[in-house]
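Report on the structure given below.
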């Protein structure tokens, strides 16, 4: 069952962000996009591979909701550092499209989620178009610090449960879905989202972002220009069980309703790396930092000759979209950190949540809070 949407978000602490958000400040502010998540938390104590402790899950994104699941969306991908996996990217690079849900999970469960999505899609009524095959997009980050990742606990039923829960509106963040067991900058990380409304060529468009944040080490954390990772008590003597070098990853999904070419969506995906960089990571050797951008704007169907009619924004008008992506990615990561709660996982490893009161104090000292805080 989906968790109630009760988490604290970065803006709730008074953090001063730029830009105008959509009503949910989430990727679901892009019309048609739906999110569903399954969270698995059970077992305590010493690791027993196959038995637990389990701290993992699945996040499913439906770019066009259930009703349009077989309708392709144009897309572009970019990898800042490729020590990770996102299936289907070769076809996105080649043809600039994909169809079906996007799945986010842990590193060792990519195959299970892919298998489940193929089974689910194969039962969907509708026209597959020119191609009989199904090639879902599934991406991962590693939750082995807290989770029995070798135990392969994600099953087909968990994917189906996340699809069934998919809905528009508010999105649960932090220790949920694929982000359940993730660690970000030495603090508890996980799932985060944000959005921006931008005006391009006299019209408002929406840009929404969803991240699975699992990257960085504590001294790197930067919040709105403040070196929080260095200033937080205990940052220079992290617990020994936490990595002292980059061994995490981040997956960034960007949705928009703007009319864009696939090559332009790849340009948006590249800008996501700037939003990630604002929070401090240089994209270490051990990190899989992979970004996918797609548009829900639909081209006309091919005519009898197989000719499509399309429209797209001029290249020189894209700057507001670029800025919207950078801002929304940065805020999504901070939302994941703020929403996450302290978690104890395998072998009693404890990963602390980012302390809200300490963060507020640092932000106030550096003038990064809204005036009413």
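Just so it is clear, none of the values below were taken in a lab; they were calculated from the coordinates. Predicted model, so just to flag it, every value in this text is computed and none were measured. Note that we place each Cβ from the backbone using ideal geometry, even for glycine, and neighbour counts take in every protein chain shown.
Pulled fully out, how much extra length does the chain show between residue 197 and residue 48, if you take 0.36 nm times their separation in residues and subtract their Cα-Cα distance?
48.9 nm
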### Task
Name the most mobile residue of 36, 189, 50, meaning the one with the largest mean-square fluctuation, in a Gaussian network model of the chain with Cα contacts below 10 Å.
50
### Exposure proxy ranking, count of Cβ atoms within 10 Å, fewest first, for 329, 118
118, 329
#### Entry: Residues listed by number, the range 190-213, amide nitrogen under 14 Å from residue 317 label point at 7 Å toward C-beta
198-206
### Query
GNM on the chain, C-alpha springs below 10 Å: top fluctuator among 303, 125, 355?
303
### Query
Based on the mean of other beta carbon atoms within 10 Å per residue, what is the order of 190-198, 358-366, most packed first?
190-198, 358-366
#### Entry: Angle between the chain longest axis and helix 356-365 axis [Cα atoms, degrees, rounded to 10]
90
### Query
According to a simple spin-label model (label point 7 Å from Cα along Cα-to-Cβ), what is the distance in nm between residue 298 and residue 93?
3.1
### Query
How do the peptides 210-216, 199-205 rank, highest first, by the average count of neighbouring beta carbon atoms within 10 Å per residue?
210-216, 199-205
### Query
Going highest first, how would you order 249-257, 24-32 by mean Cβ packing within 10 Å?
249-257, 24-32
### Message
Taking R0 as 45 Å, what FRET efficiency do you get between residue 356 and residue 309 from their Cβ-Cβ distance, rounded to the nearest 0.05?
### Response
0.30
